[in-house]
1. If you take the residues in the range A:254-282 that are touching a Gly at 6+ places or on another chain (Cβ under 9 Å) and open to solvent by 10 Å² or more (accessible area, probe 1.4 Å), which one is nearest to A:SER295 (Cα to Cα)?
2. Test A:GLY147 against the stated conditions and say whether it is touching a strand residue (DSSP E or B) at 6+ places or on another chain (Cβ under 9 Å), away from every other protein chain (no Cβ under 14 Å) and part of a loop (DSSP other than H, G, I, E, B).
3. Would you check which residues across the range A:385-395 are open to solvent by less than 10 Å² (accessible area, probe 1.4 Å) and touching a helix residue (DSSP H, G or I) at 6+ places or on another chain (Cβ under 6 Å) and list them?
4. Based on what the data block shows, is A:ALA213 among the aliphatic types (A, V, I, L, M), open to solvent by 30 Å² or more (accessible area, probe 1.4 Å) and assigned by TED's automatic domain parsing to the domain that holds A:LEU409?
5. I'd like to check which helices (runs of 4 or more DSSP H) are fully inside the range A:242-344 and have at least 1 residues that are in the same structural domain as A:VAL430 (by TED's automatic domain parsing) and acidic (Asp, Glu).
6. Tally time: how many residues in the range A:196-210 are buried (at least 17 other Cβ atoms within 10 Å of the Cβ) and out of contact with any His (no Cβ under 9 Å at 6 or more places or on another chain)?
7. Evaluate the range A:348-370: report whether one residue or more is in a helix (DSSP H, G or I), over 28 Å from the mean Cα position of the chain (by Cα) and crowded, with 16+ Cβ neighbours inside 10 Å.
8. Among the residues of the range B:41-57, count how many are out of contact with any strand residue (DSSP E or B) (no Cβ under 6 Å at 6 or more places or on another chain) and at the interface with chain A (Cβ under 7 Å from one of its Cβ atoms).
Amino acid sequence: MSSKAVVASLAAVFAVTLAAGVIVDAQRVERWHGEGEPRFYTDDPIWIDDDRRDIPPVAPFELSKSYEFVNETFGGSASSFGPALNVNTLGEVPDSSWFTNRLGRHDMTIEEVLRGPDTVDGPVDGPWLVTGRPDAGLTPKFTIQDGRGDTYLIKLDPAGAPELPSSVELISTKIFHAIGYQVPEDYLVTFDRAQLSIAPGARMRTASGGKRAMKAADLDAWLADTPRTPSGTIRALASRYVPGRVVGQFRYSGTRSDDPNDLYPHERRRELRGMRVFAAWLHHDDARSINSLDSYVTDNGRRYLRHYLQDFGSNLGSGSTSAQQPRGGYEYLIEGDKIAKGLFSFGLWTRDWTRARYPANASLGNVEAAYFEPWKWKTEYPQPAFDQMDAADAFWAARIAARFSDQMLRSIVEIGRLSDLEASRYLADVLIARRDKVVAYWLTRTTPLDAFAIVETGGGTALTFENAAVKAGVASSRATSRVRWTALDNQTGRQTPIGEETAAAGDVALVPASAWGPRDASGARYAVAWIASSHPDFTHWARPVQVTLRQRAGGIDVVGVERPTGATDDRR
Amino acid sequence: MRRSLFSRLALFGALLMPGLPTTAAAQQDSAPATRSERLDAERDAKAATAAPPERTTIERALTWYDNQQVMARLMGGWHGFHGVGGSFPAGAGGGVGIGYSAGGTRGPGIELTAATTSRGYKRGAVVMDIRRLGGAPVDVAVRGQMYEFPQQDFFGLGMDSAQGARANYLLSNAEFGTDVTWRPLAGLAVQAGAAWVSPRTGAGTDTRMPTTEAGFSPSATPGYGASVDYLRTAIGIDYDRRDNPRHPHAGGRYAVSIADYRDLDSAGFHRADVDVQQYVPIPDRYRTLALRAMATFTSAHDGDDVPFFYQPTLGGASMLRGFREFRYQDRNAVGVSAEYRWEAWWALDGAVFVDAGTVAPERRSLNLRDVAVSYGVGLRLHSNDAFVARLDFAFSKEGFIPLLRFEHVF
């Protein structure tokens, strides 16, 4: 087949897909209710998914990093495909054991963002007992118990990258927490060798894989090459052990069979799919199961699994034990076609990402924003939840990313305490520029109408909204909107068109009195606005967002928002 | 709210088909009135059948692999014991060896190694060293080794030697010595050492070809069969400006060493080695032109000759790769290599190379007319920052030779 024919075929497929997408989107309403079920329940939209119900103890189940790599690279673990399932009827992620709406739904002060998950001020200064050394991970590390009895993982910076892993891990922890994920409490600490003593019974795994008692000489060896501060102390990241009993990690696909609370296949969870946007922003190419935790916690008398993200030491410019590899974020560890192309081109073909230029600063590593392109960004190997991120997931995430102000990001970088202030400024600039890029790209992949509200006007009840992309300054204000209405029978899901499509002047649409469908069992009536946007730069905004209004005794509220899922990586 | 088993099973069935609505059957006895109730019902259904996760066979195997730290054990050994290759010359056959290491990261260390090959090559060595003696940039090492190489090839001296004249001999050696390395600047090492060496030669064991004794006259094999012990004293300087010595892409390495071999009768010989390497990024680390020039000159003290087994050779894994190991040898040798390497993958480089070299009995006899050339292609396996192995396919006028080696050519 000639290249022209290929292009033509692809174009045809694209056109059919686009057309079918409108139909599919219209049909997706079925997702919310089964036969005989109402489309909307009286408690919709729920903002709490109560997956923190009391469950019996769960046995530890450690995942294999090797298996994850092999399985995702050569097979793929996802068995469920389609849009996100764990969202409420507004398309939002309810609070759960996975995610707590923070900056995305509530205003946070910079102080609150900087405080993050912290409940103490870090390990108590004074003698620390070294209790062991974890097997997993690349970063040199050991565990300590402080005077309060709390256990911390002490992660050391490598000799060749002073301040790098510790700063990026702290910065990432604060950002992921503000977004809404569960993360450990991380603290930057400085300590002296004299503070440390080996706890009785402390054991460690040797380089040859065996286990033996830990000795002071081991500690000396680990600290020998660790960078020192000007005062001779050692800077490190102290990561407090998470509450509860760790019972393994979560996968980015499927559910955990021994956790009754775990209903949704993880590849269908919006917060895990949309995390790709945040991971791209923060260059978190190590976002994989092995860097997660499931902890069996007791909370208000209920015992359940809480799901944590952890180990951000390979974010931004860091590769944990050195600077991030230039390939990181741009190419999977194994991509057969690129290997073949690379080999047989005799070097005449080079990968695009080799053009990226990085600062010559060991405490920054390989991080930049000029070459970064959100749609090209990748993890180390395929990640089933990221792979299924659609435009609606990405919009959800981009909207949260847009909530981080420049000042907020500069303040977060400051607590990374890079001793080179110029480097600190550079990193903040890069974070801001990368945020701008992910917001600009992912906010515009779907029809970005948002902030739906009901107002009473002189002409009657009206639905107001705004264009999130225009508001964020990532699209010109040349967008116009048109609305058509359908009356919804909540019990059957049937929709009856009402009137003609009309322009929504000033992003306000009057609700026709005839738009309301029949009352359901609870006495509520529903009307659906199909709002499409027209913009010369984003023609796919013509695919409408469905906004469902509910009228019941308490008045009128917006109960449903469904936006086109679209194609997310059409430019990849 | 308690539910029937049927209801629980039906709800769980719905879970197995994500994205599909909850079945009507599940709601027959008590349809949920709210979203929360519906989710509760689904969680009740799952609770009834919750079971520990299971692993597939492959996952079990890889979990075991991870938990047993298989790679760490292979690479790091066991209680100080680890596998070694023995550093045998090409053609020694498949080898196996064991080493033991203790200490050495900062203080005194010791390493013992023993290895043998399918063709009867043997080597045993011990190295005791002290790094950064007294905190100064000085390393001191005491070394001893014994080896026996029973099938060393010999083709005769000079560029006129014939491929068909291949013979073999036994080379054994015992040596003991010490050396001191001073590193006054980053990348700069000055080394001096002395050692007692006791080389012996004899009939080779490779029956596919004649022994050196049968194939060559005594005048063509100076030192053959002699029992001479030497005191070797040497001094060298090595300036290493490579960006990453374990996997270089830029910079260079420049080394010169001079050694004096003196027997008890004050006879003996000198040997001088020059090795210059330069790595040129084109224009970045993803494409590199690696260049090397080496020269070895030997000269005998009055009335003596340089034993043939101490004369420099060309051919084999590191220079003139399209020729057999030891293919050319004489008192003096010069060789150059150019290798273009490109990154095909983060763990694999491709390479095309050309080697050229010549040997001669006198330095002034070295000339460009008698130059042997070989060329080829290769693959270099590496990690993010360290070389692992190479596979070269080398060609010359004498044929094709595949080479699998675990040390870089340069």
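The values are calculated or read from the model by the stated rules, or taken from the named source; none is laboratory data. Source: prediction; values computed, not measured. Note: ideal-geometry Cβ built from the backbone for every residue, glycine included; neighbour counts use all protein chains shown. Ligands, DNA and RNA are stripped out before the accessible areas are found, and what is left, the full protein with its side chains, is counted by its heavy atoms. Shrake-Rupley method; radii C 1.70, N 1.55, O 1.52, S 1.80 Å.
1. Selected residue: A:ARG256.
2. yes
3. First, the residues of the range A:385-395 that are open to solvent by less than 10 Å² (accessible area, probe 1.4 Å): A:385-386, A:389, A:391-395.
The answer is A:ALA385, A:PHE386, A:MET389, A:ASP393, A:ALA394.
4. Considered against the rule, which asks whether it is among the aliphatic types (A, V, I, L, M), open to solvent by 30 Å² or more (accessible area, probe 1.4 Å) and assigned by TED's automatic domain parsing to the domain that holds A:LEU409, A:ALA213 comes out as yes.
5. Working: elements: A:270-273, A:275-281, A:336-344.
Once the helices (runs of 4 or more DSSP H) in the range A:242-344 are filtered for at least 1 residues that are in the same structural domain as A:VAL430 (by TED's automatic domain parsing) and acidic (Asp, Glu), what remains is A:270-273, A:336-344.
6. Total satisfying the criteria: 5.
7. Of the range A:348-370, the ones in a helix (DSSP H, G or I) are A:352-355.
From what is left, the residues that are over 28 Å from the mean Cα position of the chain (by Cα) are none.
No, the range A:348-370 contains no residue that is in a helix (DSSP H, G or I), over 28 Å from the mean Cα position of the chain (by Cα) and crowded, with 16+ Cβ neighbours inside 10 Å.
8. From the range B:41-57, those out of contact with any strand residue (DSSP E or B) (no Cβ under 6 Å at 6 or more places or on another chain) are B:41-52, B:54-57; that's our starting set.
Adding the requirement that they be at the interface with chain A (Cβ under 7 Å from one of its Cβ atoms) leaves B:42-43, B:46-47, B:50-52.
Qualifying residue count for the region: 7.
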